[in-house]
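To start, the structure itself, in structure tokens.
The values are calculated or read from the model by the stated rules, or taken from the named source; none is laboratory data. Here the structure is a predicted model, which means the values were calculated and not measured. When we count neighbours, we look across all protein chains shown, and the Cβ atoms used for this are built from the backbone with ideal geometry, even at glycine.
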Amino acid sequence: MPQTLSKIHVHLVFSTKHRERVIRDPVRPDLHAFMGGSLKALGCSPVQINTEPDHAHVLFLQSRTTVLSDVVGGLKKSATEWLRRQSPEYQGFHWQSGYGAFSVSQSDLERVRAYVLNQREHHRVQTFQDEFRAMLRKHEIEFDERYLWD
């Protein structure tokens, strides 16, 4: 086949360092917009981005020419730098070193988009840690609790 074709949607989830609840509501819309622009600069198409005080959910279409770890590293680095420029309270901001990345089928895209968008309501009944563990189990990803959090 002379042409390379792909359509891979990724649901990316990562936390703030030590799950510190530091992402404040006033900065969230601009942070989401900035992260969307960062994804575009990395060759990817944002679908839905949402943050809570201690974590981020990013649903995007991965470029056929990018490596997932490069996208994640570039996104987290640029978002960190952007946050640090916003206010002195973010000067020491860090994301956790790891992340979870989950494939999303085309037929499930709208459900996952709604899930990402409705994080505030979702976390009224479930912590981020419980949510992340459930996602790992659902996708049958083995993990060791000792190394899950930093």
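Some points to look at:
- Of the residues making up region 22-37, one or more are under 28 Å from Arg146 (Cα atoms) and among the hydrophobic types (A, V, I, L, M, F, W, C).
- For beta carbons closer than 6 Å, sequence separation of 6+ or different chains, a first residue in region 19-39 that is at positive phi and a second that is among the charged types (D, E, K, R) and surrounded by 19 or more Cβ atoms within 10 Å (Cβ to Cβ), the qualifying pairs are Arg19/Asp54.
- Pairs meeting the criteria (first residue in region 97-126 and surrounded by 11 or more Cβ atoms within 10 Å (Cβ to Cβ), second residue part of a loop (DSSP other than H, G, I, E, B) and at pLDDT 90 or above, beta carbons under 6 Å, at least 6 apart or on different chains) are Phe102/His139.
- Lone unmet requirement of (1) closer than 18 Å to Val112 by Cα; (2) over 12 Å from the mean Cα position of the chain (by Cα) for Gly36: (2)
- Scanning region 39-70 for residues that are in contact with a Pro (Cβ under 9 Å, 6 or more places away or on another chain) and either crowded, with 20+ Cβ neighbours inside 10 Å or within 26 Å of Arg124 (Cβ to Cβ) (or both) yields Leu39, Val58, Leu59, Phe60.
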